[in-house]
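Visitor: The structure follows.
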Amino acid sequence: MELTNSSAIVTGGASGIGAAAARMLAKKGAKVVIADLQADKGEELAKEIGGAFCKVDVTNTQDIVNAVEMAKSMGPIRALVNSAGIGWAQRTVGKDGTLESAANLDAFKKVIAINLIGTFDCIRVVATAMSRNEPLAHGERGAIVNIASVAAFDGQIGQASYSASKGGVVGMTLPVARDLAAVGVRVNTVAPGLIDTPIYGKGDASEAFKANLQKGVLFPQRLGSSDELASMVVECITNSYMNAETIRVDGGIRMPPK
């Protein structure tokens, strides 16, 4: 799918995988809306790539609508990357056996609200706008890529909420792709493994921690880069025969229990 003279929206686009995807989409000719809560980083990146920043909380439908309107002002929306998300670690039952020490239900709901419901809300709002685009070759109007995680398949101890949210994203990929086939919009999901992002910090302690993590990677035995993930995201958008698929990009890792 050709992206020149079109627009794209990247949620969580101010940093990490989202930022890398935004840069690559801009190189492909798209005008990119960085939809994020981090205004300073988002505005800086938007200026760098000739796009625009829109402050978006994916749990707020109006924020998503605002991003759509901004994107439409720059060209027909042909691409959406759902990269916004949070993590949370907590065991289901506490060590002392009291209900008070059990998993915090509000925290569980928050992860689901952002990672799963927020992703679906972005899909339904943006795909509605895409459905009004003039079709390209073979009736194509747009493409959507969700960012899940290998935790959808290999959730570790304490990852119940995160794994449930990402598993939900994986689970809805096929039915949503089937829904949107009627309007010429493709849907794929990319499931990253261990990616070297600023979340791990800097310094000797950080490097030692990452060195231990990468021992479980099959080959190449290292953490992945944001650019490696972003290249798969962009391929799912530009390759018009990619649809209804979830692709692990993880160096062959299978996560242990902890």
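The values are calculated or read from the model by the stated rules, or taken from the named source; none is laboratory data. Note that this is a predicted model, so its numbers are computed, not measured. All Cβ positions, even for glycine, are placed from backbone atoms using ideal geometry, and neighbour counts span all protein chains on display.
Visitor: Could you list, in sequence order, the residues of region 9-33 that are free of Cβ contacts under 8 Å to residues at least 60 places away in the same chain and in a helix (DSSP H, G or I)?
Guide: Taking region 9-33 and keeping what is free of Cβ contacts under 8 Å to residues at least 60 places away in the same chain, we get 14, 22, 26-27, 29-33.
Matches in region 9-33: A22, A26, K27.
Visitor: Could you tell me whether A20 is in contact with a Lys or Arg (Cβ under 6 Å, 6 or more places away or on another chain), closer than 16 Å to S226 by Cβ, at pLDDT 95 or above and crowded, with 24+ Cβ neighbours inside 10 Å?
Guide: Working: in contact with a Lys or Arg (Cβ under 6 Å, 6 or more places away or on another chain): no; closer than 16 Å to S226 by Cβ: yes; at pLDDT 95 or above: yes; crowded, with 24+ Cβ neighbours inside 10 Å: yes.
Answer is no for this residue.
Visitor: What are the residue pairs meeting all of these: first residue in region 239-257, first residue on the phi > 0 side of the Ramachandran plot, second residue surrounded by 13 or more Cβ atoms within 10 Å (Cβ to Cβ) and not in a loop (DSSP other than H, G, I, E, B), Cβ atoms under 8 Å, and 6 or more apart or on different chains?
Guide: Listed pairs, sorted by first residue: A244/T173; A244/L174; A244/A177; A244/R186; A244/V187; A244/N188; G251/G224.
Visitor: Which condition breaks for K202 when tested against (1) within 28 Å of K41 (Cα to Cα); (2) over 16 Å from the mean Cα position of the chain (by Cα); (3) modelled with pLDDT of 95 or more?
Guide: (3)
Visitor: Being under 22 Å from G118 (Cα atoms) and not in a helix (DSSP H, G or I), is that true of even one residue in region 220-240?
Guide: The answer is no, given that none of the residues of region 220-240 is under 22 Å from G118 (Cα atoms) and not in a helix (DSSP H, G or I).
Visitor: Report the residue count in region 220-239 for those that are surrounded by fewer than 17 Cβ atoms within 10 Å (Cβ to Cβ) and over 17 Å from M24 (Cα atoms).
Guide: 3
Visitor: Among the residues in region 188-197, are any among the hydrophobic types (A, V, I, L, M, F, W, C), in a helix (DSSP H, G or I), closer than 22 Å to V81 by Cβ and modelled with pLDDT of 95 or more? Before you say what the answer is, go through the steps one by one.
Guide: Taking region 188-197 as the starting set, the residues that turn out to be among the hydrophobic types (A, V, I, L, M, F, W, C) are 190-191, 194-195.
Next, from what is left, pick out any that are in a helix (DSSP H, G or I): none.
Looking for residues that are among the hydrophobic types (A, V, I, L, M, F, W, C), in a helix (DSSP H, G or I), closer than 22 Å to V81 by Cβ and modelled with pLDDT of 95 or more, one finds none in region 188-197, hence no.
Visitor: Considering only region 46-71, state which residues are farther than 20 Å from I86 by Cβ, among the small types (G, A, S) and surrounded by 14 or more Cβ atoms within 10 Å (Cβ to Cβ).
Guide: A46, G51, A52, A71
Visitor: Still on this structure, I have one more. Which one of these is assigned to a helix (DSSP H, G or I) and acidic (D, E): E43, E2? Steps first, answer last, please.
Guide: Values: E2 fails: assigned to a helix (DSSP H, G or I).
Sole residue among the options that is assigned to a helix (DSSP H, G or I) and acidic (D, E): E43.
Visitor: Identify all residues within region 167-188 that are under 16 Å from D121 (Cβ atoms) and surrounded by 17 or more Cβ atoms within 10 Å (Cβ to Cβ); write none if there are none.
Guide: G168, V169, M172, T173, V176, L180, V185, V187
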